[in-house]
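The values are calculated or read from the model by the stated rules, or taken from the named source; none is laboratory data. Note that the structure is predicted; figures quoted are calculated from it, not measured. Cβ: placed from backbone, ideal geometry, glycine included. Neighbour counts: every protein chain shown.
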Amino acid sequence: MNQYKIALLAGDGIGPEIMREAVKVLKAIEARHRDVQFELQPALFGAAAYFETGKAFPQETMQICDAADAILKGTIGLSHEESQKIPVDEQPERGALLPMRRRYNTFANFRPVYLPKELAFFSPLKEDIIGDGIDFMIIRELVGGLYFGEKVTGINEQGKRYVKETLEYNEDQIKAIVTVAFETAQSRKKVLHNIHKSNVLKSSVLWNEVVSEVAVDYPDVEVKHILVDAAATYLCLNPGQFDVMVMENMFGDILSDEGGGILGSLGLMPSACVGPEKSYYEPSHGSAPDIAGQNIANPYSMIGSVAMMLDMSFGMKKEAHNLWQAMRAVFAAGYCTPDLAKGKNVKLIKTDEFGDMVVAELNKMPVT
Ligand code: NAD
Ligand code: IPM
Ligand code: MN
């Protein structure tokens, strides 16, 4: 019997709604496999945790996560107005999400940007730009850079309010993420786009040096260097040129949301946050306060994160593949949530209906 302990951190906003669908899918998968058992352990995380316990990442949640084989996270965060009710350092981003990334050193963030040709109509890009579909992997460094560098706030010598944030990397941190990127590129099309800003940032100069050093061990991978600002344009004008892209933390935050934009919705953006000992899985997007509580969020990003967990943490590659296929079958039959529907000839479904349909599609597939 393969038993997997999964910490479930539903979080805020649409988090609980899309997490319900993830749980539905996990239960369906368990029912399909006599030799697999998921032990699901819900825990408080984010603003919900703060309001209940005074901490956005409570001790009890840490213990549940420490003991888990993998962590499945929904979304955290409040609207701009609501978040003002929480002290800055306990706001769920600084008080829960970043501490979790640091605690488990989840340095490698995989954000697949994928839309097969038959679903290209979801994308705002023109058909001739999309060509055979969109398929690339953003690999984002997740525990360094501006997010985790030294921060100073106060009053400067001129008596003005002042802030300093620092973008820090050491060569080992860069080597670790770049190595992951080369490995990934080697397993795909053997092309790696290194995204940087070495015309301005010294951190990018060091980053690029390390890329060149690691490249020696991967002679079969072609490396292309692209400045981050230009990369933002190429993502709209010619996304087909990309296969694996690697970049520092902040660049990856921004370009991966652009990835969601070219697919047609952030609801199509799952992710894996991989550490040396523990990994966690989450949608790339936020808590979508504008649509929370209406049962209309797109759970693809959350269920896709489940698929990534099955594949990367539990070695259930076949079932992960089935799950992707099941979700695409729902779309291919003409169903989708409102984020993808705009102006298209599709049949609107709710968050929970998408989950039900995914389970139904999954159950049509043989268990191997
Ligand atoms: P957002 O990603 O929550 O929403 C941006 C837009 O995308 C909104 O219009 C939203 O409705 C839409 N959207 C996002 N996910 C969707 C889904 N699954 N289905 C349908 N539509 C979807 O970004 P925001 O509004 O800038 O941020 C809201 C909060 O989320 C903030 O507090 C932010 O800090 C937080 N946040 C959390 C995470 C995380 O938990 N990892 C990630 C990003 C932002
Ligand atoms: C993401 C989010 C987070 C980030 C925020 C909520 C801290 O935007 O996961 O992309 O910036 O990393
Ligand atoms: Mn982001």
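A few points about this structure:
- Of the residues making up segment 264-314, those that are assigned to a strand (DSSP E or B) and within 10 Å of the chain's Cα centre (by Cα) number 4.
- Scope segment 235-282; condition in contact with a strand residue (DSSP E or B) (Cβ under 6 Å, 6 or more places away or on another chain) and within 8 Å of ligand 1 (Cβ to nearest atom); matching residues: E282
- Checking E183 against (1) among the charged types (D, E, K, R); (2) part of a helix (DSSP H, G or I); (3) touching a Gly at 6+ places or on another chain (Cβ under 9 Å), the condition it does not meet: (3)
- Contact map, segment 1-15: first residue within 30 Å of D290 (Cβ to Cβ), second residue of a type in the set (D, E) and surrounded by 24 or more Cβ atoms within 10 Å (Cβ to Cβ), Cβ cut-off under 9 Å, separation 6 or more or different chains; pairs are L9/E282; A10/E17; G11/E282.
- Condition check for S279: buried (at least 17 other Cβ atoms within 10 Å of the Cβ), closer than 24 Å to E168 by Cα, within 13 Å of ligand 2 (Cβ to nearest atom) and not β-branched (V, I, T): no
- Among helices (runs of 4 or more DSSP H) entirely within segment 17-125, having at least 3 residues that are free of Cβ contacts under 8 Å to residues at least 40 places away in the same chain singles out 47-53, 59-67, 80-83.
- Selection of segment 224-247 for residues being within 15 Å of ligand 2 (Cβ to nearest atom) and out of contact with any Leu (no Cβ under 8 Å at 6 or more places or on another chain) yields an empty set.
- Among residues of segment 119-169, those that are small (G, A, S) and under 22 Å from the mean Cα position of the chain (by Cα), counted: 6
This table checks each residue for (1) assigned to a strand (DSSP E or B); (2) under 24 Å from F148 (Cβ atoms); (3) within 16 Å of ligand 3 (Cβ to nearest atom).
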residue	(1), (2), (3)
S198	no, yes, no
S204	no, yes, no
E209	no, yes, no
D220	no, no, no
V223	yes, no, no
A231	no, yes, no
S256	no, yes, yes
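- Only residues that are in contact with a strand residue (DSSP E or B) (Cβ under 7 Å, 6 or more places away or on another chain) and either among the acidic types (D, E) or not assigned by TED's automatic domain parsing to the domain that holds K24 (or both) were counted in segment 45-77, giving 1.
- Residue match in segment 194-211 (condition: aromatic (F, W, Y) and either closer than 15 Å to F251 by Cβ or at pLDDT below 95 (or both)): yes
- Residue within segment 287-301 that is more than 15 Å from ligand 3 (Cβ to nearest atom), crowded, with 22+ Cβ neighbours inside 10 Å, among the aromatic types (F, W, Y) and not assigned by TED's automatic domain parsing to the domain that holds W207 present: yes
- Against the conditions (1) within 26 Å of Q325 (Cβ to Cβ); (2) in the same structural domain as E183 (by TED's automatic domain parsing), L40 satisfies every one except (2).
- Members of segment 131-164 found to be part of a strand (DSSP E or B) and loosely packed, with under 13 Cβ neighbours inside 10 Å, listed by number: K151, V152, T153, G154, I155, R161, Y162, V163, K164
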